[in-house]
Amino acid sequence: MQRRSGLQIRAYEEPDLEALVALLNAVFPGPAPHNEPRASIRRKLGALRELLLVGHADGRLVATAMGGWDGHRGWLYQVAVAPDARGRGHGRAIVEAIEARLRARGCPKLNLQVLASNPAAVGFWHKLGYRVEERVSLGKLLEPSGEG
C-alpha cells in the first residue's frame, strides 16, 4: 500500500465493491449502460486487475483510478475523488500511482478522455501535465445493451 497526500493507495479488493460503486455513482451520475459501475468493475477485474486502484482516507474509500495497457499505449479511466475530499491532493496522488504502475510496465504514453462539457476536469488534467491533442475521438458500442 502506498501513502500519498494522506491517501492510502492500493489495488482494489473485493470488500471495496460497495464503496467503489457508491463513489462512481456520486462522481459520474447516470452513466451510459456500458459505464455502469458494477459491470465496469467486473470487466476490469478480468484484465489487469492490479490497475484498478482505490484510495482510502479517514477510514473510507475516497478516490479511484482505472488504468489500461495494451502494450502500445496506456489509458486512464474513471478517475474519481469524492466531492467532499477534493482539494487535498488525492486526485494527483492516485493518478501518479497509476502512472508509476504503467511506467513500470514500459508504457511510453498515457491517454485519457474528458467530456468537453467538463472544463473543471480539463483544468485538473492540465495541472498534471496532460495536454489536449489534436485528435478526433471515435467510438463504437460492441455491446449495445451495456451488458458484458
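Structure summary
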item: Residues satisfying the stated conditions in the range 1-21, i.e. under 14 Å from the mean Cα position of the chain (by Cα) and without any contact (Cβ under 8 Å) to a residue 24 or more places away in the chain; result: VAL21
item: Some residue of the range 60-70 being open to solvent by 40 Å² or more (accessible area, probe 1.4 Å) and at pLDDT below 95; result: yes
item: Lone unmet requirement of (1) out of contact with any Ser or Thr (no Cβ under 9 Å at 6 or more places or on another chain); (2) within 19 Å of LEU20 (Cα to Cα); (3) crowded, with 18+ Cβ neighbours inside 10 Å for ARG43; result: (3)
item: Residue satisfying all of: in the range 46-57; touching a residue at least 12 places away in the same chain (Cβ under 8 Å) and more than 20 Å from LEU110 (Cα to Cα); most open to solvent (accessible area, probe 1.4 Å) among these; result: HIS56
item: Number of positions in the range 78-136 that are in contact with an Asp or Glu (Cβ under 9 Å, 6 or more places away or on another chain) and under 18 Å from LYS44 (Cα atoms); result: 3
item: Residues of the range 23-34 classified as touching a residue at least 24 places away in the same chain (Cβ under 8 Å) and either part of a helix (DSSP H, G or I) or touching a helix residue (DSSP H, G or I) at 6+ places or on another chain (Cβ under 8 Å) (or both), total; result: 7
item: Test: residue in the range 104-124 that is surrounded by 14 or more Cβ atoms within 10 Å (Cβ to Cβ) and within 23 Å of GLU14 (Cα to Cα); result: no
item: Of the criteria (1) outside any loop (DSSP other than H, G, I, E, B); (2) closer than 22 Å to HIS126 by Cβ, which one ARG88 fails; result: (1)
item: Selection count where residues are open to solvent by 10 Å² or more (accessible area, probe 1.4 Å) and either part of a helix (DSSP H, G or I) or in contact (Cβ under 8 Å) with a residue 40 or more places away in the chain (or both), scope the range 71-81; result: 2
item: Residue match in the range 97-106 (condition: modelled with pLDDT of 95 or more, part of a loop (DSSP other than H, G, I, E, B) and more than 24 Å from LEU142 (Cα to Cα)); result: yes
item: Residues that are β-branched (Val, Ile, Thr) and loosely packed, with under 10 Cβ neighbours inside 10 Å, drawn from the range 125-146; result: VAL136
item: Single unsatisfied condition, ALA100 versus (1) under 17 Å from the mean Cα position of the chain (by Cα); (2) open to solvent by 80 Å² or more (accessible area, probe 1.4 Å); (3) aliphatic (A, V, I, L, M); (4) more than 21 Å from PRO37 (Cβ to Cβ); result: (2)
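The values are calculated or read from the model by the stated rules, or taken from the named source; none is laboratory data. Since the model is a prediction, treat every value here as computed from it, not as a measurement. In this analysis, Cβ positions are derived from the backbone assuming ideal geometry, glycine residues included, and neighbour counts consider all displayed protein chains. When the accessible area is computed, the model is the full protein with side chains, heavy atoms only, and any ligands, DNA or RNA have been set aside. Shrake-Rupley method; radii C 1.70, N 1.55, O 1.52, S 1.80 Å.
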